[in-house]
Each structure stands twice: as structure tokens, then as C-alpha cells.
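The structure appears below as C-alpha cells.
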Amino acid sequence: KGMREKDHGTKGSGQRRGRGAVLFFFLLLLQASVLQAELVDRIVAAVNSEVITWSELQHAVGFNAAFAGGARSGKNIQAETLGGLINRRLLIQEARRLKFADVTAQDISAEVDKLGKRFDSEKAFSGFLAGLGMTEEQLRRMLGERLLVERFIEKKIGLFVRVSRGEAQKYYDEHPGEFQSKRFQEVHKAISAVLSEQKLDRQLVKYLGELKNRSDIRVNPLGG
């Protein structure tokens, strides 16, 4: 009987060691999984109470490279893109706070359809998203945010940007080489559009500066 009790105790001890080993192995896997998630989606910046993740940055870099053209790459383009994402987040927060602009699910679907038409087929479109590591839901969010920012800028700043006929005439007189002997009346609208865009850009830079001065923005090193 004593021997049987001893054998039983040894067996129980072995089972406990086995369960402990399995638990330890599981915890290692969990830790590795969490570490991988942090590496993939680590926080690269925070704008007030909202974060921008590494994967969000990479999606934006890939998307811009595909449609903006150019061969720029590396940390410079990442830093510039992150700056754009920070600006966008600031404007989105203001749009929501002021309730100046809104975007519906139908608006976003229309943007997705518009983008999809730039590809030869749905398969090509899906392949593009797969290449970016982006889901359709992530794409919808990005396009929705961009559309919201466009509408907000137009309502908040664009409606108040005006170019007088005198300003357009002055530009025409000072840049005769641009118009190939065309009369002012023929290029008036085109000149006004260019000057309006320039004014809008200046006002937007000023407005973003004001937003940044009263916001809490933190940026982490991008690393490799």
C-alpha cells in the first residue's frame, strides 16, 4: 500500500509538472504574440487622445506612393506622411467638434467605387489592397477621413477665400510668358483658380498652426 501511495504521488507530481510546462509554453506563445502585435501596430504618434499606428502609417505611405507617383522612399517619406496624418487627425477632430461637415456611408461607398474604377478588374483592386496589407474596412475609413477633411476645409476656409479681378489681372501682367499671347479674359478663370488654391494653402497652414499650438501632439521615433 505504501508503495502504491508513493507511486501515486510521483505520478501526480509529474502531471503537475506537465501542466506547468504546458502553461509556461502557452504564456511564451502569448507573450510572443503580443510582442508581434506591438511591432506591427506600435504607436508612432498621438494627437490629443487619439493614436496613429505603424500599420496606419504604412498604409498611407503605400497608398500615396501608388497614386502620387515618384520614387521617393525611406524615412523621409515616412516622416512626411506621418506629418500629413497628424494634420488630418487634427482637422478631423475639429470637424467633429464644430460639426461643420459630415460623411455618410453612401459617400464613402461612392469613394471606394471611384477608386475601384481606376483598376482593370475587381481582382486587380483586391490585389492592390492585399499588397498594402489593407482590408476594405481600413480603406473605407481612410477614404472617409480624407473626404471629411476635404469638406471641412472647404466649409471652414475655402468659402472665405476670394480672388479679386485686380489680383488676377496683376498676376496676368507679371507672368506674360505663361499665357502664350492669350487675352486676360481667356485665362481669367484659370488664374483665379490658381490664386485661390495658393490662398487656401496659406490659410490652411495658418489654421493648422493654431490647432497645433493648442493640441497635445507626441511623436515617437519611427525606427527602421
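The values are calculated or read from the model by the stated rules, or taken from the named source; none is laboratory data. Because the structure is a prediction, the values reported are computed rather than measured. Positions of Cβ are backbone-derived with ideal geometry, glycine not excepted, and every protein chain shown enters the neighbour counts. Areas reflect the complete protein model, heavy atoms only, side chains present, ligands, DNA and RNA absent. Shrake-Rupley method; radii C 1.70, N 1.55, O 1.52, S 1.80 Å.
Length available on full extension from E137 to D102: 0.36 nm per residue minus the Cα-Cα distance, which gives 10.8 nm. Taking 7 Å steps out from each Cα toward its Cβ at R218 and I77 produces label points 3.0 nm apart. When you count the other C-beta atoms within 10 angstrom of each residue and take the mean per peptide, 151-159, 196-204, 58-66, 177-185 line up highest first as 58-66, 151-159, 196-204, 177-185. Taking a straight Cα-Cα cut-off under 17 Å and skipping sequence neighbours fewer than 8 places away in the same chain, the aspartates and glutamates within cross-link reach of K212 are E50, E80, E94, D201.
Keeping to pairs on different chains or 8 or more places apart, tell me how many lysine pairs in the stretch 95-209 have Cα atoms under 25 Å apart. Taking the stretch 95-209 as the scope, the lysine pair count is 18.
Residue separation of E150 and R42 scaled by 0.36 nm, minus their Cα-Cα distance, works out to 36.1 nm of gained length.
Computed with a 1.4 Å probe over protein heavy atoms only, the accessible surface of the stretch 76-119 comes to 55 Å² per residue. Estimated translational diffusion coefficient (Stokes-Einstein, Kirkwood radius over Cα pairs, 25 °C, 0.890 mPa s) of the stretch 132-224: 146 µm² per second.
Among the GluC sites (Glu not before Pro) in the stretch 103-149, none is located in a DSSP loop while being surrounded by at most 14 other Cβ atoms within 10 Å of its own Cβ.
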